[in-house]
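*Asks:* To start, I am sharing the structure in question, which I have written as C-alpha cells.
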Amino acid sequence: MTAPLIDPFQRAISYLRVSVTDRCDFRCVYCMSENMTFLPKKELLTLEELDRMCTTFIDMGVEKLRITGGEPLVRKGIMTFFDGMTRHLDSGALKELTLTTNGSQMERFADDLYEAGVRRVNISLDTLDEKKFADITRWGRLPQVIKGIDAAQRAGLRVKINTVALKGFNEDELFTLTDWCAERDMDLTFIEVMPMGDIGNEDRLDQYWKLSDLRTDLRERFTLTDLPDRTGGPARYVRIEETGQKIGFITPLTHNFCESCNRVRLTCTGELYMCLGQEDMADLRAPLRNNPASDAPLMEAIRSAITRKPKGHDFDYSRQSVDGRVSRHMSHTGG
Ligand code: SAM
Ligand code: SF4
C-alpha cells in the first residue's frame, strides 16, 4: 500500500462511491427526465477498467466501496465486477463492499451479492402505495421491488431503506413507512431532495420537505434518541425507542457535514468528483486508458485531484431560489 490519501483539510479519503452506469430501468421524477439521453457505451469504463480503478483506490487507502448508478444492477456483467472485488475483502484491504439500488433486479442478484461478500444494501423506496410508486418512478412497479427486498433479506443481506422526503407526496406515509420497516427489521433513512440536473417541469422547491419538520412529526408519536453514529457523510441518526429502529436523516442542504467528509465519487466515465455539490472534477479515464501497463500515472492523477477537494459545498435553498445548483444528474455522479 502507498501513502494514504489525505486532503488539504486533513481529511483521510477512505470511502469511494462508484457509479457503474448512468442507465436505469426507472425514471424517478426527482432524478431523471422522461426522455433521458444516455452516454455512448465507449464512454463508460469497462468492467476491467472499473476493477483497475477501484483496486488502485484500495491500494491508496480506500476501505469502503459503494456501488451505485443509475441502477447498478442493470449494468451488463456487473457480477463479474463484484466477484472481482471479493479478493480485496478477503485480503482485508477492503472493509466493506456495498451498493445502493432501486431493488428492481434484487430478486435475481441477492444470493450472488451475498456470495461476493456484500452484507448490507441500501434499497430506495419512496412509497408503499402501488399507484404512487408507479407515478414517482414513472417506469417502476412496486411488487417487483418488494420481491427484491424479500430476496435480499432471505439471502442474509441487511437492508436499509432510503426514502426521498417529498412534500405533498409521501408526507402522509411517514408512520406507515416507519412501521413497515420496523416490522421487517430494516433501518430507514430519509433524504432531502437535492437540486441536481435538469428533470423537466418538476419544481424542486415544491418538492422540498425539510427534514427538521419531518423529525418534529416523528416526535409526535415516538421518543427519539440522538445517536453518535457518524459515517463521514451527511447522515445523522436517531433511535426510535419504541421500536429500536435506527432512523437516518440525510440533509445535505441544511446541515454542515463537510468538515468530516471522507468520500469522493467516481462517475461511470471515470471522472472523479471531490464534492457532490461542486462542479470541479478530475478525469481519471485518460491516465488509466493511456497507461495500460502502469498504474503510476493514475495514482498521480488521483493524488492531484485530492489536493483540490474543496472545504465544502454551496447548496442553498434559503433565499427561495435554488442556488449552488449542480447541473449534472445524480445518476451521473452516483447518489
Ligand atoms: N438507482 C439506485 C437507487 O435508486 O437507489 C442508485 C442510484 S440513485 C441516484 C441513489 C439515491 O439517490 C436514491 O436513493 C435516490 O432516491 C436518490 N436521489 C436521486 N435523485 C435525488 C435528488 N435529486 N435528491 C435527493 N436524492 C436523490
Ligand atoms: Fe433510477 Fe435511482 Fe434515479 Fe430512480 S433514483 S431514476 S432508480 S437512478
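The values are calculated or read from the model by the stated rules, or taken from the named source; none is laboratory data. If you're wondering where the values come from, they're calculated on a predicted model, not measured in any experiment. As a convention, Cβ positions derive from the backbone with ideal geometry for all residues, glycine included, and neighbour counts pool all protein chains shown. Surface accessibility is based on the protein's heavy atoms, side chains included, excluding ligands, DNA and RNA. Shrake-Rupley method; radii C 1.70, N 1.55, O 1.52, S 1.80 Å.
*Asks:* Applying the selection to segment 19-45, what residues are within 11 Å of ligand 1 (Cβ to nearest atom) and of a type in the set (A, V, I, L, M, F, W, C)?
*Replies:* Residues satisfying the conditions are VAL20, CYS24, PHE26, CYS28, VAL29, CYS31, MET32.
*Asks:* Of all residues in segment 50-80, which are part of a loop (DSSP other than H, G, I, E, B), within 16 Å of ligand 2 (Cβ to nearest atom) and more than 19 Å from GLU115 (Cβ to Cβ)?
*Replies:* Residues satisfying the conditions are GLY69, GLY70, GLU71.
*Asks:* Tell me, which strands (runs of 3 or more DSSP E) lie completely within segment 255-312 with 2 or more residues that are of a type outside the set (A, V, I, L, M)?
*Replies:* Output list reads 263-266, 271-273.
*Asks:* Here's something else I'd like to know. Scan segment 153-170 residue by residue and report those that are open to solvent by 40 Å² or more (accessible area, probe 1.4 Å), modelled with pLDDT of 95 or more and touching a helix residue (DSSP H, G or I) at 6+ places or on another chain (Cβ under 8 Å).
*Replies:* Passing the criteria: ARG154, GLY156.
*Asks:* Limited to segment 170-185, what total is found for residues that are of a type in the set (S, T, N, Q) and not in a loop (DSSP other than H, G, I, E, B)?
*Replies:* 2
*Asks:* Among LEU47, LEU39, which is the only one that is farther than 17 Å from SER104 by Cβ, of a type in the set (A, V, I, L, M) and touching an Asp or Glu at 6+ places or on another chain (Cβ under 6 Å)?
*Replies:* None of the other options fit; the residue is LEU39.
*Asks:* Sticking with this structure for a sec: May I ask you to list the residues in segment 57-115 that are of a type in the set (Gly, Ala, Ser) and surrounded by 21 or more Cβ atoms within 10 Å (Cβ to Cβ)?
*Replies:* Once the filter is applied, which keeps residues that are of a type in the set (Gly, Ala, Ser) and surrounded by 21 or more Cβ atoms within 10 Å (Cβ to Cβ), segment 57-115 yields GLY69, GLY70, GLY103, SER104, ALA110.
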